[in-house]
């Protein structure tokens with residue numbers, strides 16, 4: 001697909017979504033992340049910034065997508081649609097409904113080459129009418145990440161870069177760096193069929209405090225798993241395993 005065709009497609013789909021579904025107007029949304037918000041300056045999730053997520057394997061990639069969707073559903077309340085760009089899509093659109101997201105409000109663009117993906121991410125981040133741009137790719141250099149950061153500083157769009165199986169964890173200009181791991185869900189006496197759970201590692205945050213937390217998605221919200229409860233669950237699994 002040529003660059004001009006990509007731009008024309010973006011313009012057409014963004015305009016179409018704007019006409020069909022208008023976002024709620026009000027104050028910017030600060031995702032309800034409980035104690036995790038204490039890691040950010042002023043206890044406010046950095047919007048209008050680029051966030052980097054690293055997934056070394058398919059299990060972590062699935063967990064990362066789940067956590068991203070939880071954030072996405074809240075960030076899309078105040079602005080326009082989301083752009084999801086990849087050369088190898090790892091999300092199943094109907095699953096977005098679990099996180100309160102209408103898949104029709106997300107524009108999926110599947111491209112052939114990583115360079116096309118990176119170029120389209122940068123162009124999408126310049127579009128002020130979007131709420132979030134999610135880009136799936138493996139490699140990201142510092143110079144490339146700096147261009148992405150400059151784009152969001154001008155547009156105030158939030159960018160999520162999901163790096164699947166990168167060659168290394170090189171330095172980039174992103175505001176945060178995350179690693180999300182899955183935790184086995186618990187539902188009564190039937191482990192493995194409950195609500196999505198994650199071990200969240202915030203490895204880097206500009207002017208903030210990195211750390212790790214355990215969360216689950218329940219009732220359309222993030223809920224913190226108490227460390228003591230998490231430890232008990234883990235020990236019970238070791239005994240029964």
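If you go through the stretch 184-201 and keep only what is surrounded by fewer than 19 Cβ atoms within 10 Å (Cβ to Cβ) and at pLDDT below 95, you end up with 184, 185, 187, 188, 189, 190, 191, 192, 193, 194, 195.
From 97, 115, 43, 126, which residue is farther than 27 Å from residue 223 by Cα, out of contact with any strand residue (DSSP E or B) (no Cβ under 8 Å at 6 or more places or on another chain) and loosely packed, with under 14 Cβ neighbours inside 10 Å? It is 115. You will find that of 161, 134, the residue that is in contact with a strand residue (DSSP E or B) (Cβ under 9 Å, 6 or more places away or on another chain), modelled with pLDDT of 95 or more and more than 19 Å from residue 206 (Cβ to Cβ) is 134 and no other. The strands (runs of 3 or more DSSP E) found entirely in the stretch 114-224 that carry 1 or more residues being touching a helix residue (DSSP H, G or I) at 6+ places or on another chain (Cβ under 9 Å) and farther than 22 Å from residue 31 by Cβ are 132-137, 158-164. The one condition from (1) without any contact (Cβ under 8 Å) to a residue 40 or more places away in the chain; (2) surrounded by fewer than 15 Cβ atoms within 10 Å (Cβ to Cβ); (3) assigned to a loop (DSSP other than H, G, I, E, B) that residue 88 does not meet is (1). If you go through the stretch 100-112 and keep only what is buried (at least 16 other Cβ atoms within 10 Å of the Cβ), free of Cβ contacts under 8 Å to residues at least 40 places away in the same chain and farther than 29 Å from residue 141 by Cβ, you end up with just 101.
Conditions tested, residue by residue: (1) more than 22 Å from residue 92 (Cβ to Cβ); (2) at pLDDT below 65; (3) part of a helix (DSSP H, G or I).
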{"residue": "17", "(1), (2), (3)": "no, yes, yes"}
{"residue": "29", "(1), (2), (3)": "yes, no, no"}
{"residue": "32", "(1), (2), (3)": "yes, no, no"}
{"residue": "42", "(1), (2), (3)": "yes, no, yes"}
{"residue": "46", "(1), (2), (3)": "yes, no, no"}
{"residue": "64", "(1), (2), (3)": "no, no, yes"}
{"residue": "68", "(1), (2), (3)": "no, no, yes"}
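The values are calculated or read from the model by the stated rules, or taken from the named source; none is laboratory data. Keep in mind that what you see is a predicted model, and the values were worked out from it rather than measured. Glycine also receives a Cβ, built like all others from the backbone with ideal geometry; neighbour counts cover every protein chain displayed.
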